[in-house]
Amino acid sequence: MAEVLLDALLDSLKVFPFLFLMYVLIEFLESRTDVTRNKNVLRGGLAPLLGAATGIIPQCGFSVMAAKLYDKKLIRTGTLLAVFLATSDEAIVLLLSHVTDGAKAAAVMPLIAVKFAVAVGAGYLANALLRGEKLSELEEGEEIVGTACGHDHEEDSKLKRYFVHPLLHSLQIFAFVLAVNIAFGAVMYYAEDAVARFLQGGYWYQPLLAAFVGLIPNCASSVLITQAYILDTLSFGGMVAGLCANAGLGFVILFKNVKAWKRNLLLLFVLWAVSVAVGYAVCGVQAAFA
């Protein structure tokens, strides 16, 4: 068991420097976009496309921003779904950081392509079905904060923004990765044959189960799904299903409006159903070309 713990620690430490560099890079590239000033664009014909494009960016604020805009009836349902389906939380960063396995890192592009296509398609379909949806106007002077806690890194010093925040975020994800590696390592150590039989027999159940995990509003769920794929205990189709269902903290924001619980449950079910369907479709393609 000591060997399992050591291997898990070493594998996790290999990823940490790349996690830190990725989060520093994200802070440098992240531009401050006031979507409240562009609300007319978010209502227009390109809204689902723009929603999917922003959702793909590995930044936790976009799903929160979309949820707040939607709850105030400033964007349409299809635009919200496009953002939610495209969001991957920590998955893209984690895959890109896993440079020790080129095949896993290369999965980033097909993952982005599938999620973007699904997000755009579902967004336009929902807006077409709900073409009579009524929208409101943002009150003069009102602002929508894009982070769940209302914290804006641009208010911090450069040291905090480009070193402290990326370091703390990297340590958090490192802890999640280490926990997942230890858990999977222990399972494989004590029950390798049973796990192998389950994976072979449960291949077609993976999208269903992964999508449920993806609904958990925490970055740990995206880490668990992605790391399971990296460790070859989850298929690519299962990962796609789980990450399509992973809308970050978006649903936490929506469910704060308890009066709209029926609407929120319906959105949750639609997101899960679309994610499962996409996961099975990807698994079918994989099986056809296997």
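What to note about this one:
Rundown of residues vs (1) assigned to a helix (DSSP H, G or I); (2) within 24 Å of G78 (Cβ to Cβ); (3) modelled with pLDDT of 80 or more, yes/no style:
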{"site": "T100", "(1), (2), (3)": "no, no, no"}
{"site": "F116", "(1), (2), (3)": "yes, yes, yes"}
{"site": "G123", "(1), (2), (3)": "yes, yes, yes"}
{"site": "N127", "(1), (2), (3)": "yes, yes, yes"}
{"site": "G132", "(1), (2), (3)": "no, yes, yes"}
{"site": "I144", "(1), (2), (3)": "no, yes, no"}
{"site": "A148", "(1), (2), (3)": "no, yes, no"}
{"site": "P166", "(1), (2), (3)": "yes, no, yes"}
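- Scanning region 101-127 for residues that are within 23 Å of F269 (Cα to Cα), among the hydrophobic types (A, V, I, L, M, F, W, C) and in contact (Cβ under 8 Å) with a residue 24 or more places away in the chain yields L111, I112, V114, F116, V118, A119, V120, A122, L125, A126.
- Taking the conditions (1) under 23 Å from the mean Cα position of the chain (by Cα); (2) of a type in the set (G, A, S); (3) at pLDDT 65 or above; (4) closer than 22 Å to A245 by Cβ in turn, A105 satisfies each one other than (4).
- Contacts under 7 angstrom Cβ, first residue in region 214-229 being hydroxyl-bearing (S, T, Y), partner surrounded by fewer than 20 Cβ atoms within 10 Å (Cβ to Cβ) and outside any helix (DSSP H, G or I), 6 or more apart: none
- Qualifying position, being surrounded by fewer than 19 Cβ atoms within 10 Å (Cβ to Cβ), in a helix (DSSP H, G or I), in contact with a helix residue (DSSP H, G or I) (Cβ under 7 Å, 6 or more places away or on another chain) and at pLDDT 90 or above, among L268, L243: L268
- Residue list for region 75-98, filter: of a type in the set (F, W, Y) and more than 21 Å from P48 (Cβ to Cβ): none
- Whichever residue in region 246-265 is assigned to a loop (DSSP other than H, G, I, E, B) and on the phi < 0 side of the Ramachandran plot and, among such residues, is surrounded by the fewest Cβ atoms within 10 Å (Cβ to Cβ): K256
The values are calculated or read from the model by the stated rules, or taken from the named source; none is laboratory data. Keep in mind that what you see is a predicted model, and the values were worked out from it rather than measured. Heads up, the Cβs are rebuilt from the backbone with ideal geometry, glycines too, and the neighbour counts pull from every protein chain shown.
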